[in-house]
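Heads up: the structure comes next, in structure tokens.
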Amino acid sequence: MPQRANRAERGNQSLNIGEIARRAGVSRSTISYALSGKRTISEATRRRIQDVIDELGYRPNAAARALKEGRTRTIGLIIPPAGARLTDMQLRFIAGTVDAAARVDLDVLLSSSGGDHDRSFERVVTGGRVDGVVIMEIRMEDLRVVQLQHSDLPFVAIGRTARPDDLCWVDIDYRSLVAQCVQHLDDLGHRHIALINRSAEMLAAGYAPARRAQAGFTDAITQRGMTGIQLCCADNQAAGQACIAAILAARPKVTGVVTISEAALGGVQRGLARTGLVVPRDFSITGVVAQHWAEDFDPPLTAADVPAPDMCANAVALLVERIRDPAQPYRSVMIAPPICLRGSTGPAPAARSGRAAALTSRRARPA
């Protein structure tokens with residue numbers, strides 16, 4: 001019969017496989033077989049072992065659980081090389097993935113990819129260290145995705161390539177959202193506008209949100225017969241301020257900006273203030289940025305959100321599905337955040353002046 005432990009003993013003794021074997025009166029190998037399911041043991045022995053486990057409140061460690069399930073209960077998150085620092089957006093996607101994984105009792109192994117970090121990516125893909133992978137910062141033509149497609153490792157992308165049908169992904173439609181921002185400015189009377197995109201390096205590398213923002217902006221200004229200028233912007237405030245200076249110097253008629261570069265917003269605001277332009281009286285700004293950046297802007301930014309927690313939760317859920325059944329059809333999730341109207345957009349200055357002049361003229365007419 002199993003030996004009973006009093007509460008003091010439970011708190012003081014090490015709860016390992018050897019202790020369970022001693023109390024159950026069986027060998028350590030029998031305990032291992034019971035936990036892993038590798039060999040059949042008698043029902044009476046199995047019950048005796050389970051009684052001891054229940055009595056001691058024992059939980060198998062991660063290695064034992066992995067052995068029993070044939071899984072590591074760990075997923076990989078492939079992130080870009082940190083370089084000098086990760087952006088706020090990247091950190092929110094990392095945190096969102098870790099939180100989503102924790103809710104389904106999974107650990108997360110972070111790994112960089114690109115350049116000197118390719119060996120780390122290779123180890124994650126081929127080393128049996130994870131059950132599946134979430135990959136972020138997707139490019140239109142992404143060699144990492146191709147490598148994963150040729151492996152047996154389940155994976156889900158946050159973002160999508162130019163050919164997204166052969167993978168599972170979660171994304172927002174930057175092309176459509178940027179086009180809607182352009183249309184919003186046009187509806188307010190702005191005819192000369194600019195796009196502040198991500199950095200030139202990211203655009204050249206085929207970073208998917210930057211490429212799709214570029215396409216959406218071009219589509220919309222063409223359809224609406226507007227004049228547009230596009231600038232690339234590094235992920236810092238100094239670059240944002242420089243972009244505003246460049247726009248106003250090259251195209252002084254510009255009265256509105258669409259941006260997906262949230263890290264540059266502070267510099268954009270400072271650049272406008274230094275020229276004496278007041279938002280939205282003299283200049284309107286809109287874009288696709290995370291909600292907290294939009295709400296911290298002064299005045300609050302009219303923008304579509306980048307809902308990182310929702311995107312990460314969907315990515316982890318899709319990955320869990322593929323780990324359980326790798327043969328299932330590919331599924332994708334396109335999240336459609338609305339453009340939230342706040343205080344940073346208003347009628348174009350010329351449109352406002354025209355309406356004011358018309359109103360004054362009507363008032364001046366004799367009865």
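Only the coordinates and a few stated rules stand behind these numbers; no lab work does. All of these numbers come straight from a predicted model, not from anything done at the bench. Because the Cβ atoms are built from the backbone with ideal geometry, glycine has one as well, and the counts that use them run over all protein chains shown.
Loop-located trypsin sites (Lys or Arg not before Pro) in region 204-294 (DSSP state other than H, G, I, E, B) with a sparse environment of at most 13 neighbouring Cβ atoms within 10 Å: Lys253, Arg281.
Averaged over residues, the count of other Cβ atoms within 10 Å places the peptides 99-112, 294-307 in the sequence 294-307, 99-112, highest first.
When you filter the GluC sites (Glu not before Pro) in region 89-168 for DSSP loop state and at most 15 other Cβ atoms inside 10 Å of their Cβ, you are left with Glu141.
Applying the Karplus relation 6.51 cos²θ - 1.76 cosθ + 1.60 with θ = phi - 60° to region 101-110 yields 3J(HN,Hα) values of 5, 4, 5, 10, 6, 10, 8, 10, 9, 7 Hz, where x marks Gly and Pro. Within the set of other residues whose C-beta is less than 11 Å from the C-beta of Arg144, count the net charge using Lys and Arg as +1 and Asp and Glu as -1. Within the 11 Å Cβ shell, the charges total -4.
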